[in-house]
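**Student:** Just passing along the structure, written as structure tokens.
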Amino acid sequence: MGGNERVDLLIVGGGINGAGIARDAAGRGLGVLLVEQSDLASATSSASTKLIHGGLRYLEYGEFRLVREALIERERLLGLAPHIIWPLRFVLPHPPGLRPAWMIRLGLFLYDHLGGRQRLPRSHAVDLTRDPRGAGLDPSITRGYVYSDCWVEDARLVALNARDAAEHGAEILTRTRFLSAEKQGDHWLATIEDRIDGSRRQVAASILVNAAGPWVGDVLRRRLGDPNGKSPRLVKGSHIVVPRLFDGEHAYILQNPDKRIVFAIPYEGEFTLVGTTDIPYEADPAQVAIDDGETAYLTETVSRYFRKKVTPADVVWSYSGVRPLYDDAASNASAVTRDYVLDVEGEKGGPVLLSIFGGKITTSRRLAEHALEKLGPFLPRPTRPWTATAPLPGGDLPGSDFEAFLAGLMRAKPWLPATLARRLARAYGSRVDRILGAARDLADLGRDFGGGLTEAEVIYLRDQEWARTADDVLWRRSKLGLHVPAGTRAALDAFLGDGSAGADMGQERANLALKLA
């Protein structure tokens, strides 16, 4: 795509909403350019609790439409991406003095039936003095409930949407800043800047999609020059990762006296993920980080419920994100709607602007579909929705049966260590052979950077998933940052640097390509 070439949609923001809209629009035959100022999923979309869920607690705030849509999407996405999404059972301990049992039973009944549950088991009460899932809890907690939701590799979901968008013709530019746009006749004339080399380019677009997440208001006011541009309600959510608190592959949803909830979820084999907080946020979203108060809140919550007590000193990693929620004037940050609002400005025959407020990872596919519906009158031709039945890259597993697929992979590649085979199958699904190729042993995959991260995988992530730095690989395309030895990050950055590794590294890559061909 050359300078000033016209596209139908210029999308600002490479989070889940921007990538999802890019995928949907490109699959309808529209010309799409997506620009992201950093890496894909580098902000809010990689800082979630990593759940595909209806949002049980949203029922308490009357968000029935949102919960129903999310539950329908939960079932759908489980079938479309069974490699990066899988069922997860949740235990809801019920200590006395919090929400009454009748309210929980009613909520779980609605949760089981609002979305047409088909794949996941229903909820039920549980005696935690007899059930193994009560073993790690404080002995004073004897009753509870069990229900189902799903886990998702959130940043990989974004990368796979972008990958599918590119394969349908979209251009995806990371490390590219949207500087400004002005109306010129029937289109926007936008200026974008490559943040690596500083080069600038102008793009004509019929429709500008503002999917900038926490920066959506900044795009409206500073980049488009609209002093009255709407701003989202920014809410910070933080998570901590601690050494594993309990055995089993189930998770817990913990009620707090302040009526908020906190999840405790098995994470990366050796750890437990705990989150999240809900705190109003007004600073730079790029600088968001957990504070001492949030850490104390989360550690005190899990210590209240589990036999194994947790202190701030036990935290091995933390992350924070800023949710760009639609400002519905709720006084409590926890009560602000998680539903999305799509704001369209413009007239047929002129430049059109779509701004996105709010949204959840779970409903991102439907948000994109809904966005294209709203943009329908401004598109050059009628289009049809298509993503409801189209697997994401790697998700076309026979019968959506991940375990059967993994067993087949291990039979075909008996030299792959079981833990590595599972990780690769989970990350890449049916596309794992694009990494393994014709390799006959681990040595054929090239250098091992640590934690089972091989040269072949890094090259794939660079060439197919826009990974440019060690952090892209270690914390977004994977969570290997929790497992690799000291020195891996520096080695990866050197390897990924353009030309910085010299001619010898280029020859190594060529040799590896021959082995995998």
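Since every read-out is calculated from the coordinates, none of them should be taken as a lab result. All figures in this text were calculated on a predicted structure; none of them were measured in a lab. Glycine also receives a Cβ, built like all others from the backbone with ideal geometry; neighbour counts cover every protein chain displayed.
**Student:** Please give the FRET efficiency for residue 415 paired with residue 249, using the beta carbon to beta carbon distance and R0 = 22 Å, rounded to the nearest 0.05.
**Tutor:** Once rounded, the FRET efficiency stands at 0.20.
**Student:** Just list whichever of 259/479; 50/309; 236/309; 183/230; 50/479; 236/259 have alpha carbons separated by over 21 Å in the model shown.
**Tutor:** Correct reply: 259/479; 50/309; 236/309.
**Student:** Here's another thing I want to ask about it. At 7 Å along Cα-to-Cβ for each site, give me the label-to-label distance between residue 195 and residue 493 in nm.
**Tutor:** Roughly 1.5 nm, to one decimal.
**Student:** Just rank 64, 495, fewest to most, by other beta-carbon atoms within 10 angstrom.
**Tutor:** Neighbour counts put them in this order, fewest first: 64, 495.
**Student:** Please give the calculated 222 nm ellipticity per residue for the chain, where each DSSP H segment of at least 4 residues contributes -39500 (n - 2.57) and the sum is spread over every residue; nearest 500 deg cm²/dmol?
**Tutor:** Counting only the DSSP helices, I get -8500 deg cm²/dmol.
**Student:** Could you state the number of Å between the C-alpha centres of the stretch 156-225 and the stretch 43-122?
**Tutor:** Spelled out, the Cα-based centre of one part sits 33 Å from the other.
**Student:** While we're looking at this one, here's another question. Taking every DSSP beta bridge that has both residues in the chain, what percent is antiparallel when rounded to the nearest 5?
**Tutor:** Percent antiparallel among DSSP bridges in the chain is about 75.
**Student:** Oh, and also: List, in order, the whole-Hz ³J(HN,Hα) value for each residue of the stretch 375-381 obtained from phi through the Karplus relation with A = 6.51, B = -1.76, C = 1.60 and θ = phi - 60°; use x for Gly and Pro.
**Tutor:** Each residue of the stretch 375-381 in turn: 7, x, x, 9, 7, x, 7 Hz.
**Student:** Turning to a different aspect of this structure: Taking the Cα-to-Cβ direction at residue 348 and at residue 68 and moving 7 Å from each Cα, how far apart do the two end points lie in nm?
**Tutor:** 3.1 nm
**Student:** Right, here's the next one. If each of residue 438 and residue 289 carries a label point 7 Å out from its Cα toward its Cβ, how far apart are those two points in nm?
**Tutor:** In this crude spin-label approximation the distance works out to 5.0 nm.
**Student:** Would you mind getting me the FRET efficiency between residue 183 and residue 103? Use the beta-carbon distance for r and R0 = 45 Å, nearest 0.05.
**Tutor:** 0.30
**Student:** Would you mind checking the stretch 381-400 for residues with the amide N under 15 Å from a putative spin-label position 7 Å along Cα→C-beta of residue 118?
**Tutor:** 388-391, 399-400
**Student:** Below 8 Å between Cα atoms, with a sequence gap of 6+, how large is the relative contact order for the chain in percent?
**Tutor:** Once normalised by length, the contact order is 18 percent.
**Student:** Given DSSP loops and a limit of at most 14 other Cβ atoms within 10 Å, what is the longest stretch of the chain that contains no such GluC sites (Glu not before Pro)?
**Tutor:** 6-248
**Student:** Rounded to two decimals, what is Rg over Rh for the chain when you use alpha-carbon atoms and the Kirkwood radius?
**Tutor:** 0.96
**Student:** What trypsin sites (Lys or Arg not before Pro) in the stretch 389-493 are in a loop by DSSP, with at most 13 other Cβ atoms within 10 Å of the Cβ?
**Tutor:** Here the trypsin sites (Lys or Arg not before Pro) that fit, given the DSSP loop and packing criteria, are 440.
**Student:** What does the C-alpha gyration tensor say about the overall shape of the stretch 340-400? Classify as rounded when a/c is under 1.5, otherwise prolate if a/b is larger than b/c, or oblate.
**Tutor:** Taking the square roots of the gyration eigenvalues as a ≥ b ≥ c, the stretch 340-400 is oblate.
**Student:** On to the next question. Residues in the stretch 284-298, backbone N under 18 Å from the label point at residue 258 (7 Å along the Cα-to-beta-carbon vector): list them, ranges by number please.
**Tutor:** It comes to 289-298, nothing else.
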